[in-house]
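One structure is given below, encoded as structure tokens.
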Amino acid sequence: MSATVSGRSRSILIKVCNSLLSNTAFALLPKPPIFQCSHCFNTSSSSNRKCDYLEDFSPLKNLNSEDAIISPNERRRIILGLGKLIKKKQGFVLKRFSRDFRPFLLVKIMTQFENRHGAFAFFKFVFREESDRIVKSCCVACHVLAMHGFRIIAQDVLSWMIRRIGVSRGQDLMEFMWRGHFGYESDFSVLDSLMRAFTNVEMDSHALQISRIMRGLGMQPCLSALSILFKLLLRIGDYGSVWKLFRDMIRKGPLPSNIAFNVMIHGFCRKGQVQTGESLLHLMNKFQCEPDVYTYNILINAYCIHGRTSDAWSWVDLMVKRGCTPSNATFSTIINALSKEGKIKEARDIFDEMQENGVSPNTIVYNALMDGFVKAREIDKATDLFEDMKNNHIKADDVTYNILVSGYHKYERVENLDNSLSYLNRSMCGPLSDYSWPDVTVAILCSEGRTDEATKCLEDMLKEGLPLSVIAFNSIICAYSKKGLETKAFDAYHMMMKYGVTPSSSTSNSLLTCLSRNGKLLEAEELMHYMIQNQFPVNKVAFTVIIDGYFKIGDVMGAQRLWAYMKSKSISPDTVAFSAYIDGLSKSGLVEEAYNVFLQMKNKGVFPNNFTYNSLIAGFCNVGRLNEALKLEKEMRQMDLIPDLFTINILINGYCKQGRMKYAIDIYTDMHRFNLVPDIVTYNTLLSGYCKVFDMDTADNLVYKMYTSGWDPDITTYNIRIHGFFVTRKMKKAVLVLNQLLSSGIVPNTITYNTMLNAVCSDIHNDAMILTAKLLKMAFVPNIVTTNLLLSHLRKQGLPQMALKWGEDLRELCLEFDEVTYKILERADCDVKARGDQGVEEDAVYISEEGFFIDFFMHLTYDYLCRNKFYSSRRKIKSGSGRSCNVEQPMLEVNNFREILILGMVEEMSQTYRSKLNSFSKFHKGLITTLSTDAQNEKKKKNL
């Protein structure tokens, strides 16, 4: 190199090499967008940035380097291009340009680059000032580039300038270009370049203005430019301008081509106006345009997106009749749609049929069918398909890898995973290019749960300048989102934006899912609006995620608002979106509205699946409309959808709620006809039904049958039986079941506690002492149901003033009341007004032993809530200080502290209820005796 480089250029070359070898703290990229949520994108850069030798080649080096917006790959292109420029003994040009921004010198440097991308990157690097002088100089450079045959680079430069100076100065730039083009390029050339530039930066009004100027001068806009403008206008929804532009083409030329028609058909189909797309297809013949395979594929894809796969297949028949041969994209679209609908058998049939018709499936078709098998839990068939792919010498790609890894990882097929990875490793020089292997490496680490290592690996690759696509970033974002690590997911997104990687729909869906799972639905909706405004790909999955999140927190109006907004954006819901919306409405009790949406779904040609029908059937059963539920179950079978275990359990539950146990048992015995085996939910549902009709003997027989079928009772089974025995006044059997629960090792929950407490408060006798002792031995975790239960029993015992007093005390603890609480307190207030009570002391005169008992448990509940609030506040303070805190939930255990606590409460209560102290002391002595006896028995068991 030293032999070919002059002494004057040697110092410049050294600077270029130093820039190439310097730290890879590449020139800054566009600041990540900021939206108003808890994640503000921190774009501050380190103040200790190392010296950048590339700055010496910019005439505007003294300006803020943040204006040099280039990516790492662009920086590398610039450095390599400048090195080759110096080899050609053109270093003096760089030196002169570094002193003054001159358009002719800029053009000379840009034209010496070997490719368009390097030349454009250099222009972006040096264009740091937006003054009129610099803008005019760049306009001259554009004219010179066009004159020398570099019109595409000139259009890139114009687009970048317009994007930087903004809409307000767009008119000035038009005037600069028009006044200075004489002597460089023709009128058509400059206007065509301006039209394309304004279209590229999505300034539709300026692009339309240029087209009108061209018409006024008697010129016809270029077809390719008009096609790009059509695409822009359709994306922003300016249909009036689309049709006006189309009429001008018909009247004044140029006549629309296949490309123009395809752009329009695709634009209308993307907005959900499939009928308009069909009409345009039929119109093509009038303008000597014949629909090609791309035209048909656009419509076929649109029908598949809307769930109308049968209509899509009819278009395949039509294109074959018209002599147009379907492509791999045609079949892969339909196979992919059928797989997503769960119709994997039909997808396999089409896969076989395409080979019979002489169309060899490619990697995309194999991937679509393989993905369908994985989602249908038929991982063995997916593996067979992968082997068939290898035997037919079809190259696997990184999508194939992702499908297999997700399937093998989900079903723990470690051996198959190792085999497929070794195959991909051997084929690295073939299907997996250098550009995909970094993505694969990151995806492997994420699939193994080593997301932090994947992030570190990605950062190292970026520093080394290795190219990574959106796949690598999506793997990390998706992995963090699934774990609920919101901050880390957004950190990966910030890095993605920093390195100029455009987000995909998968990026949006992962981030929105993470926010929704963490309950931040308003922030999720705000992020979605931001992404739509900035033309990020946001599909119906994003809307479905947030709508489902709103339903889960009970915000029906929020879900309905977002559903209406989705339709206003011409985003057509698919089967999953419709099913999620119908399920949310049904669970919210709006079963009529859910059924209307179901009818709309069918009218639009979107076929419901099992989940859709199950949601509606459950909705009708919950409101007691079993006839409508049975009609839907019948319709479900007519649609070739076999009722699953969820369907059967829903219908059994519907009959059990109405006490129609004969019909419930009939469905239970007919399950074998559908090759279904009863599960624990089936048995618990039937058990609950028998308990509601007080048939405890049959319930016991059902429990025995459950044991023989291989199902062990769970906490729900025990709670149902305990409640059933309490309702039928069989207290000793209830205690026996409770003992079985404790001895089985199953931890009682709040439902167990509330069920027993309700029974004890309703029927005070000698067994109450045993049950109370067992209650106090269990985890004492009251909730709003507990407080409602105790307040209601106080009122029923004729102690309304006491109920109001406890209500006030609980309100001071900031306990959230529900509708039931407020109704109880309202009725208690009415009772007080009717009796004319003046205070709690008057209630003490009328208090009974039952009232003492209930008040005693209210003291325990209040004490737990007080202490729980104290520990929660301490936990928040310590968490806020950044220190770890492992405070367990306080609970009462069988020890001396429990007895001291009870004695203390009795002394406190005795001051208010002196007249009833003797009767309560009897209960207290029996309680303490029972506790002590149980404690001694437990010690004996441990010693044994």
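Per the listing Ile210, Ile153, the residue uniquely open to solvent by less than 40 Å² (accessible area, probe 1.4 Å), in a helix (DSSP H, G or I), closer than 23 Å to Ala121 by Cβ and not acidic (Asp, Glu) is Ile153.
Among the residues making up segment 151-197, those that are among the aromatic types (Phe, Trp, Tyr) and either more than 23 Å from Ala119 (Cβ to Cβ) or at pLDDT 90 or above (or both) are Trp178, Phe182, Phe188. Per this entry, Arg116 is counted among residues that are under 40 Å from the mean Cα position of the chain (by Cα) and open to solvent by 70 Å² or more (accessible area, probe 1.4 Å). Taking the stated definitions as given, is Lys271 of a type in the set (Lys, Arg), touching a Ser or Thr at 6+ places or on another chain (Cβ under 9 Å) and modelled with pLDDT under 90? It is true that Lys271 is of a type in the set (Lys, Arg), touching a Ser or Thr at 6+ places or on another chain (Cβ under 9 Å) and modelled with pLDDT under 90. If you go through segment 296-344 and keep only what is not in a helix (DSSP H, G or I) and not acidic (Asp, Glu), you end up with His306, Gly307, Arg308, Arg322, Gly323, Cys324, Thr325, Pro326, Ser327, Gly342, Lys343.
Of all residues in segment 275-295, those that are part of a helix (DSSP H, G or I), open to solvent by 10 Å² or more (accessible area, probe 1.4 Å) and touching a Leu at 6+ places or on another chain (Cβ under 8 Å) total 2. In segment 439-463, the residues that are under 23 Å from Arg75 (Cβ atoms) form Cβ pairs under 8 Å with partners that are not in a helix (DSSP H, G or I), at six or more places apart or across chains, as follows: Asp439/Leu468; Asp439/Ser469; Val442/Leu468; Leu458/Leu468; Met461/Leu468; Leu462/Leu468; Leu462/Tyr499; Lys463/Thr24.
Across segment 741-753, the number of residues qualifying as at negative phi, open to solvent by 10 Å² or more (accessible area, probe 1.4 Å) and at pLDDT below 80 comes to 8. Looking only at segment 782-803, residues that are closer than 19 Å to Pro748 by Cβ and either surrounded by fewer than 20 Cβ atoms within 10 Å (Cβ to Cβ) or free of Cβ contacts under 8 Å to residues at least 24 places away in the same chain (or both) come to 3 in all.
Yes or no: segment 669-687 includes at least one residue that is free of Cβ contacts under 8 Å to residues at least 60 places away in the same chain, in a helix (DSSP H, G or I), farther than 16 Å from Asn649 by Cβ and open to solvent by less than 20 Å² (accessible area, probe 1.4 Å). No, there is no match, as no residue in segment 669-687 is free of Cβ contacts under 8 Å to residues at least 60 places away in the same chain, in a helix (DSSP H, G or I), farther than 16 Å from Asn649 by Cβ and open to solvent by less than 20 Å² (accessible area, probe 1.4 Å).
Scan segment 639-648 and give yes if some residue there is open to solvent by 20 Å² or more (accessible area, probe 1.4 Å), among the acidic types (Asp, Glu) and closer than 30 Å to Ala302 by Cβ, otherwise no. Yes, because at least one residue in segment 639-648 is open to solvent by 20 Å² or more (accessible area, probe 1.4 Å), among the acidic types (Asp, Glu) and closer than 30 Å to Ala302 by Cβ. Taking segment 564-659 as the region of interest, the helices (runs of 4 or more DSSP H) fully inside it that hold 1 or more residues being without any contact (Cβ under 8 Å) to a residue 12 or more places away in the chain are 591-603, 626-638. Considering Arg196, Arg179, Arg247, the condition of being in contact (Cβ under 8 Å) with a residue 24 or more places away in the chain, of a type outside the set (Asp, Glu) and either closer than 24 Å to Ile153 by Cβ or assigned to a helix (DSSP H, G or I) (or both) is satisfied by Arg196 alone.
So, Leu223, is that one touching a Ser or Thr at 6+ places or on another chain (Cβ under 8 Å), surrounded by 22 or more Cβ atoms within 10 Å (Cβ to Cβ) and modelled with pLDDT under 90 or not? Against the criterion (touching a Ser or Thr at 6+ places or on another chain (Cβ under 8 Å), surrounded by 22 or more Cβ atoms within 10 Å (Cβ to Cβ) and modelled with pLDDT under 90), Leu223 does not qualify. Residue check: Leu338 meets all listed conditions (1) open to solvent by less than 50 Å² (accessible area, probe 1.4 Å); (2) closer than 19 Å to Tyr294 by Cβ but one, namely (2).
The values are calculated or read from the model by the stated rules, or taken from the named source; none is laboratory data. Predicted model, so just to flag it, every value in this text is computed and none were measured. When we count neighbours, we look across all protein chains shown, and the Cβ atoms used for this are built from the backbone with ideal geometry, even at glycine. Side chains are part of the model used for accessible areas, which takes the heavy atoms of the whole protein and leaves out ligands, DNA and RNA. Shrake-Rupley method; radii C 1.70, N 1.55, O 1.52, S 1.80 Å.
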